[in-house]
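Asker: Take a look at this one; I'll ask things after.
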Amino acid sequence: MSNSSPGPEITYAECRQCGTLIAGLDGRYSCGVCGWVNHHSEGHRPLPRAEDDTDHAADRPDDNRLS
């Protein structure tokens, strides 16, 4: 059995600025009507680190970054 956390959860709330019903991932919201955005620290769980991404290019010598 794997101990990995489940994927992101879609959550819903009212925009604190205009009252529109908005959806977000894990409690992080952005209103498409008025542009309000809540702070990332208000989410329901910590954001993943770049190093946790299986496609993270920092450890690969052949990454495609411009120098």
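The values are calculated or read from the model by the stated rules, or taken from the named source; none is laboratory data. A quick note: this is a predicted structure, and the numbers were derived from the prediction, not measured. Using ideal geometry, Cβ is built from the backbone for each residue, glycine included, and neighbour counts are taken over all protein chains shown. These area figures cover heavy atoms from the full protein model, side chains too; ligands, DNA and RNA do not enter into them. Shrake-Rupley method; radii C 1.70, N 1.55, O 1.52, S 1.80 Å.
Asker: Over region 2-56, average the accessible area per residue using a 1.4 Å probe and give it in Å², no decimals.
Answerer: Per-residue accessible area for region 2-56 comes out at 76 Å².
Asker: To continue, here is another question. I'd like to compare 25-37, 8-20, 42-54: which one has the highest average count of other Cβ atoms within 10 Å, and what's the full order after that?
Answerer: Going by the mean number of other Cβ atoms within 10 Å, highest first, we get 25-37, 8-20, 42-54.
Asker: Please list the non-local residues whose amide H lies under 5 Å from the amide H of ARG16, H modeled 1.01 Å from N, same-chain partners needing a gap of 5 or more.
Answerer: When sequence neighbours closer than 5 places are left aside, there are no close amide H contacts.
Asker: Within 14 Å, Cβ to Cβ, of LEU47, how many net charges do the neighbouring residues add up to if Lys/Arg are +1 and Asp/Glu are -1? Don't skip to the end; give the middle numbers.
Answerer: Working: positive: ARG28, ARG45, ARG49; negative: GLU9, ASP26, GLU42, GLU51, ASP52, ASP53.
After counting each charged neighbour, the total is -3.
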